[in-house]
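Encoded as structure tokens, the structure appears first; notes follow it.
The values are calculated or read from the model by the stated rules, or taken from the named source; none is laboratory data. Worth saying up front: this structure is predicted, and the values here are computed from it rather than measured. Cβ sites come from the backbone with ideal geometry, for glycine too, and all protein chains shown count toward neighbours. In case anyone asks, the SASA skips ligands and DNA or RNA and just uses the protein heavy atoms, side chains included. Shrake-Rupley method; radii C 1.70, N 1.55, O 1.52, S 1.80 Å.
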Amino acid sequence: MSELYEIVWHGRGGQGAVTAAKLYTEAAYYQGFKGVSAKPTYFSERRGAPVSVHTRISSEPIRTYSNVTTPDMAVVLDDNLLEMVNVTANLREGGLLVVNSSLTPQDLGLSGPFTIALADAFHASEAAELIVEGNVLISTSILGPLAAASHLVSLENIQRAVAGKFAGKAKDRNLKALKLAFEATRVFRRKPADAVSASAR
Amino acid sequence: MATKAAKELPREEHILPGSRSCAACGLMLTYRHALKALYPGKVIVTVPASCMTVLHGVYPITPVKVVCINNTFAATGASASGIVAGLKATGKKGYTVVAFAGDGGTYDIGIQALSGALERGTDFIYICYDNEGYMNTGTQRSSASPAGAITTTTPILSKLQQKKDMIAIVEAHRIPYIATASPSFPLDLYDKVRTAKEIRGPRYIEAHAPCPPGWGFPNKDLIKMGKLAVETGLHVLFEIREGKFGLTSWSLKLASKGRKKTVADYVKGQTRFRKITAEQIDRLQSFADEQWNYFLERHEKGC
Amino acid sequence: MSEVKIITANEAAAEAAALCRVQVIAAYPITPQTPVTEELAAMVERGDLKAEYLTVESEHSAMASIVGASQVGARVFTASSANGLLYMHEMLHWAAGSRLPVVLACVNRGVGAPWTILNDQQDSISQRDTGWIQLYCRNNQEVLDTIIQAYRIAEQTLIPVMVCYDGFVLSHTNMPVEVPSQDEVDRFLPPWQGQGLLESGRFVNLNPLILSEPRPDAQGNLMPGYMELRHRLHEDVLASLAVIHHTDEEFQEIFGRSWGGLVWRYRMDDAEHALVSMGSLALEATRAADSLRVQGLRTGVIGVRAYRPFPASALVQALAAVKTVTVFEKDVSYGYAGALATDLKAALFDAGVSVKFSGFVAGLGGRDVAAGQIVQAATDAILNEPRYGWVDVRGSST
Ligand SMILES: Cc1ncc(C[n+]2csc(CCOP(=O)(O)OP(=O)(O)O)c2C)c(N)n1
Ligand code: SF4
């Protein structure tokens with residue numbers, strides 16, 4: 001049987017969801033998965049409009065580019081989006097929800113039969129001085145909580161993908177942001193909905 | 001009579017919240033004031049593929065209170081001619097037909113259809129909002145992009161050619177009304193569209209429409225960028241009525257006061273000019289100077 | 001050495017054009033093709049690609065200018081989508097009629113009115129009768145490889161080639177692509193010498209007015225009339241079937257990858273039912289075939305790679321043993337049925353193959369098509385009355 005993991009990324013246009021998904025699929029390829037794909041779905045290229053990216057990671061070459069409807073993981077680049085998009089609606093039972101947030105699952109109103117990983121990617125990127133024209137770039141820091149909460153793709157392979165994409169100072173800063181977010185991740189393992197507890201790293 | 005204060009502008013808004021254009025969009029502001037000037041009355045707008053398409057919303061919802069006919073990218077002038085002919089043929093009177101197109105749809109792909117409509121004497125207003133690039137597809141170069149600007153099709157060397165002289169081309173059609181405008185000078189813009197509305201035959205208005213994502217400046221600088229363009233002489237505000245030339249608004253003031261701002265002041269606030277060389281700035285400055293002196297001379301001559 | 005990169009089909013197309021050492025590029029932006037033009041512009045400005053890049057003012061001019069460049073012997077490239085491709089239509093005929101080895105990447109998108117920027121294949125299917133070769137790709141690797149093959153095919157046959165791939169679905173989707181080395185591509189694709197128009201030193205009158213009847217030239221040689229030229233183009237397009245097939249074989253010898261030449265097969269060996277499609281939809285159909293097999297319906301897939309020339313005999317051969325054929329396609333010929341379905345039905349009829357035949361229009365204007373929907377439509381077509389139908393058309397209040 002081939003393994004197939006499906007991920008949906010939610011972000012706003014210009015926020016880095018496309019880059020993040022691409023880096024993650026690249027890392028998955030380094031990890032040995034032969035089939036990886038990252039398909040953005042957007043209507044217009046306006047900055048700020050909600051975008052999603054549909055990623056598949058498989059031991060076999062990918063044969064479908066249709067939308068992911070029941071993801072194993074959902075990654076949310078901006079916790080404001082939780083109010084606009086029901087990101088957990090079709091999340092598989094036992095799946096993983098990653099949110100860029102400084103809040104707690106309770107604050108965010110999140111609970112369900114899935115693991116929640118939270119990290120403040122903005123903070124990590126800011127600390128790593130990843131700021132261009134006033135915008136904090138989180139396309140690499142958002143991968144930190146993913147690596148921390150899921151064994152699908154190792155931190156090392158994500159680092160390799162990041163190191164391959166950037167050069168010089170940008171490379172160092174991106175690697176630093178990734179590491180900081182990885183370390184700051186709070187993972188809430190799937191438990192009965194009312195007994196969520198933090199297992200801080 | 002010239003409108004003197006913003007409070008004299010009609011309060012009614014024709015663009016409701018929910019437009020899909022970016023925040024702080026110069027085109028949106030241009031359209032907003034133009035619609036204020038076109039109403040009350042019966043208005044039909046024809047629009048080619050552009051940011052205007054997106055501004056008008058996604059089926060089945062639109063935020064703009066107007067009769068809008070979307071058209072193909074190259075067709076704007078011809079589409080207006082057809083609408084005017086159709087109204088005439090079916091005896092529908094009292095409409096103002098307005099074409100609203102970007103610089104790409106005017107200077108480039110739509111120039112043939114525009115020339116045709118002007119030459120035929122089509123009774124319509126053509127408003128070109130010039131955001132100096134193909135913005136809807138993500139900032140590619142157009143023949144209206146300024147020299148020295150980085151666009152996604154001139155990503156490293158920047159645009160090497162100066163902006164096309166569209167006004168001269170339009171003027172060669174000897175139409176009754178030509179004007180330039182800027183959303184940074186809304187009263188002037190409003191008055192020009194009002195004036196145009198009362199004239200028959202082809203009328204052409206070109207509004208310089210700053211675009212934050214395409215030019216690379218913060219949203220808060222929208223009005224400032226439009227003003228700077230006028231203050232440097234890169235965009236000159238004037239009117240040509242039946243061949244009579246006159247500077248207007250801020251450009252008229254500058255005619256007596258002289259220009260204080262330089263091209264260097266203008267380009268430094270925009271990331272699209274991040275690679276501009278000193279030599280390119282000099283050339284852009286000469287371009288602005290020549291243009292300014294040319295229009296100043298015409299202003300003094302009155303034609 | 002080749003190198004695996006995780007890239008989009010648009011990036012793959014730009015890489016391919018560069019590897020083919022194209023000399024003149026003219027392109028006009030349109031979503032979802034735009035990144036191809038941007039990528040190539042950057043390569044040229046960086047100096048990574050030695051080529052003339054024309055930022056033209058319309059698609060008509062894009063094709064007109066590369067036709068001009070090709071006429072004087074340059075290797076040329078452009079790309080477009082949807083209304084941009086439609087705006088080129090006149091020049092597409094002109095390029096084919098001029099017998100020029102032009103290559104165009106068509107990033108398939110639905111056409112207006114009303115506006116859509118999303119995927120279907122109505123744009124390229126609407127260019128079916130322009131005399132171009134049309135090849136459809138199922139993933140980004142095939143896009144890169146097919147553009148390289150396209151120059152070989154075009155330069156050998158003097159017929160322009162359109163390489164089609166689905167907008168957004170492939171154009172903006174990242175996936176692994178093995179990018180060959182320049183050496184490998186150079187071995188496969190020698191420099192283009194042109195057709196010698198200027199080298200002969202003679203005066204010529206290219207693409208002039210022509211009469212319907214053959215006429216003698218100044219030396220008294222009988223030269224073809226319009227109809228003879230058209231017939232020759234038609235015969236040559238038909239003959240390009242073999243060239244497309246062999247080019248893919250030769251490609252495999254150097255690069256180790258084959259895309260099936262004219263048509264490709266998936267689980268067809270023991271299939272009783274065949275799904276036929278083009279582009280990424282055909283790949284989706286392979287998953288549908290797997291599901292149909294689980295349901296007990298022995299199903300395979302035929303992917304049509306070359307749509308023009310139409311590989312009638314390859315298709316007839318591939319489908320000779322099945323009981324049912326169900327076509328899925330992202331286009332329609334209004335007032336009849338999908339273009340692929342009607343062409344294929346005619347081919348089967350000519351060959352006396354009698355099967356239960358259905359055709360479905362699917363995925364217009366970006367409507368997502370999942371394997372499950374193909375399974376549903378195919379099951380119905382296999383078990384019940386054959387028909388022409390549409391997949392996933394929903395009710396509305398109007
Ligand atoms: C024939 C054709 N070619 C290309 C396009 C793609 N296209 C849509 S809008 C646009 C850019 C429009 O530029 P401009 O007229 O300057 O208006 P702006 O987007 O800047 O508002 C392009 C290239 C199209 N719709 N039709
Ligand atoms: S891209 Fe520029 S012109 Fe277009 S909507 Fe945004 S701000 Fe306005």
Six or more apart or on different chains, Cβ under 8 Å: which pairs go from a residue in region B:49-65 that's hydroxyl-bearing (Ser, Thr, Tyr) to one that's away from ligand 2 (no atom under 13 Å from the Cβ) and open to solvent by 30 Å² or more (accessible area, probe 1.4 Å)? Could you list them?
B:Ser50/B:Phe73; B:Thr53/B:Asn70; B:Thr53/C:Trp115; B:Tyr59/C:Pro114; B:Thr62/B:Cys68
For region B:216-234, does any single residue satisfy the condition of being open to solvent by less than 10 Å² (accessible area, probe 1.4 Å), within 13 Å of B:His33 (Cα to Cα) and within 16 Å of ligand 1 (Cβ to nearest atom)?
no
If I go through region C:14-56 residue by residue, how many of them are open to solvent by 40 Å² or more (accessible area, probe 1.4 Å), among the polar types (S, T, N, Q) and facing chain B (nearest Cβ under 9 Å)?
1
Please go through region C:63-100 and give me each residue that is away from ligand 1 (no atom under 16 Å from the Cβ), open to solvent by 10 Å² or more (accessible area, probe 1.4 Å) and in contact with a strand residue (DSSP E or B) (Cβ under 7 Å, 6 or more places away or on another chain), ordered by number.
C:Ala69, C:Ala74
For a quick check of your reading of the model, give me the residue pairs whose first member lies in region C:149-163 and is over 14 Å from C:Arg21 (Cα atoms) and open to solvent by 10 Å² or more (accessible area, probe 1.4 Å), whose second is assigned to a helix (DSSP H, G or I) and of a type in the set (Asp, Glu), with beta-carbon atoms closer than 9 Å and at least 6 apart or on different chains.
C:Thr157/C:Asp236; C:Leu158/C:Asp236
What are the pairs, 6+ residues apart or on separate chains, where a residue within region C:60-85 that is in a helix (DSSP H, G or I) has its Cβ under 8 Å from a residue that is within 12 Å of ligand 1 (Cβ to nearest atom) and among the acidic types (Asp, Glu)?
C:Ala82/C:Asp123; C:Asn83/C:Asp123; C:Gly84/C:Glu59; C:Leu85/C:Glu59; C:Leu85/C:Asp123
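Select from region B:14-32 the residues that are part of a helix (DSSP H, G or I) and surrounded by 24 or more Cβ atoms within 10 Å (Cβ to Cβ) and write down the one among them that is farthest from ligand 1 (Cβ to nearest atom).
Initially, region B:14-32 is screened for residues part of a helix (DSSP H, G or I), giving B:26-32.
Next cut, surrounded by 24 or more Cβ atoms within 10 Å (Cβ to Cβ) only: B:26-27, B:29-31.
Working: B:Gly26: 10, B:Leu27: 6, B:Leu29: 13, B:Thr30: 11, B:Tyr31: 11 Å.
Top of the filtered list is B:Leu29.
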If you scan region B:153-184, which residues turn out to be within 14 Å of the chain's Cα centre (by Cα) and of a type in the set (A, V, I, L, M)?
B:Met166, B:Ile167, B:Val170, B:Ile178, B:Ala179, B:Ala181
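Please tell me if C:Phe328 is in contact with a strand residue (DSSP E or B) (Cβ under 7 Å, 6 or more places away or on another chain), within 14 Å of another protein chain (Cβ to nearest Cβ), in a strand (DSSP E or B) and surrounded by 20 or more Cβ atoms within 10 Å (Cβ to Cβ). Please lay out each step first, then the result.
Numbers: in contact with a strand residue (DSSP E or B) (Cβ under 7 Å, 6 or more places away or on another chain): yes; within 14 Å of another protein chain (Cβ to nearest Cβ): yes; in a strand (DSSP E or B): yes; surrounded by 20 or more Cβ atoms within 10 Å (Cβ to Cβ): yes.
Spelling it out, C:Phe328 is indeed in contact with a strand residue (DSSP E or B) (Cβ under 7 Å, 6 or more places away or on another chain), within 14 Å of another protein chain (Cβ to nearest Cβ), in a strand (DSSP E or B) and surrounded by 20 or more Cβ atoms within 10 Å (Cβ to Cβ).
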Matching residues in region B:202-215 (in a strand (DSSP E or B) and either open to solvent by 20 Å² or more (accessible area, probe 1.4 Å) or more than 16 Å from ligand 2 (Cβ to nearest atom) (or both)) number 3
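Check whether at least one residue in region C:285-296 is touching an Asp or Glu at 6+ places or on another chain (Cβ under 8 Å) and either within 14 Å of chain A (Cβ to nearest Cβ) or closer than 30 Å to C:Asn205 by Cβ (or both), and report yes or no. Quick ask: steps written out before the conclusion?
Filtering region C:285-296 for residues touching an Asp or Glu at 6+ places or on another chain (Cβ under 8 Å) gives none.
The answer is no, given that none of the residues of region C:285-296 is touching an Asp or Glu at 6+ places or on another chain (Cβ under 8 Å) and either within 14 Å of chain A (Cβ to nearest Cβ) or closer than 30 Å to C:Asn205 by Cβ (or both).
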Counting only residues that are among the hydrophobic types (A, V, I, L, M, F, W, C) and within 28 Å of C:Ile117 (Cα to Cα), which one in region C:1-13 is farthest from the other protein chains (Cβ to nearest Cβ)?
C:Ala13
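Would region A:36-48 turn up any residue that is more than 10 Å from chain C (Cβ to nearest Cβ), modelled with pLDDT of 95 or more and open to solvent by 20 Å² or more (accessible area, probe 1.4 Å)? Spell out how you get there, then give the answer.
Of region A:36-48, the ones more than 10 Å from chain C (Cβ to nearest Cβ) are A:46-48.
Narrowing the set further to residues that are modelled with pLDDT of 95 or more leaves none.
Checking region A:36-48: not a single residue is more than 10 Å from chain C (Cβ to nearest Cβ), modelled with pLDDT of 95 or more and open to solvent by 20 Å² or more (accessible area, probe 1.4 Å).
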Residue check: is C:Val322 more than 24 Å from C:Gly260 (Cβ to Cβ) and open to solvent by less than 30 Å² (accessible area, probe 1.4 Å)?
no
Restricting to region A:70-92, name every residue that is at pLDDT 95 or above and either closer than 15 Å to A:Ala28 by Cβ or exposed (fewer than 15 other Cβ atoms within 10 Å of the Cβ) (or both).
A:Thr70, A:Pro71, A:Asp72, A:Met73, A:Val75
Filter pass, C:His89 being within 28 Å of C:Val169 (Cα to Cα), of a type outside the set (Gly, Ala, Ser), away from ligand 2 (no atom under 16 Å from the Cβ) and more than 9 Å from every other protein chain (Cβ to nearest Cβ)
yes
Yes/no for C:Leu209 being among the aliphatic types (A, V, I, L, M) and free of Cβ contacts under 8 Å to residues at least 40 places away in the same chain
yes
Say whether the condition of being assigned to a loop (DSSP other than H, G, I, E, B), aromatic (Phe, Trp, Tyr) and either within 14 Å of chain B (Cβ to nearest Cβ) or within 15 Å of ligand 1 (Cβ to nearest atom) (or both) is met by at least one residue in region C:116-134.
no
Could you tell me which numbered condition A:Val53 fails, if it satisfies all but one of (1) open to solvent by less than 10 Å² (accessible area, probe 1.4 Å); (2) facing chain C (nearest Cβ under 8 Å); (3) of a type in the set (Val, Ile, Thr); (4) under 30 Å from B:Val54 (Cα atoms)?
(2)
For region B:110-144, the count of residues that are open to solvent by less than 30 Å² (accessible area, probe 1.4 Å), within 10 Å of chain C (Cβ to nearest Cβ) and more than 13 Å from ligand 2 (Cβ to nearest atom) equals 2
Being within 14 Å of another protein chain (Cβ to nearest Cβ), modelled with pLDDT of 95 or more and away from ligand 2 (no atom under 12 Å from the Cβ) is the filter here; which residues of region B:1-48 pass it?
B:Thr46, B:Val47, B:Pro48
Among B:Tyr107, B:Tyr126, the single one that is part of a helix (DSSP H, G or I) and at pLDDT 95 or above is B:Tyr107
Just a yes or no: is a residue in region C:208-226 loosely packed, with under 14 Cβ neighbours inside 10 Å and touching a Phe, Trp or Tyr at 6+ places or on another chain (Cβ under 8 Å)?
yes
Would a scan of region B:89-105 turn up a residue that is closer than 29 Å to B:Phe287 by Cα and at the interface with chain C (Cβ under 10 Å from one of its Cβ atoms)?
yes
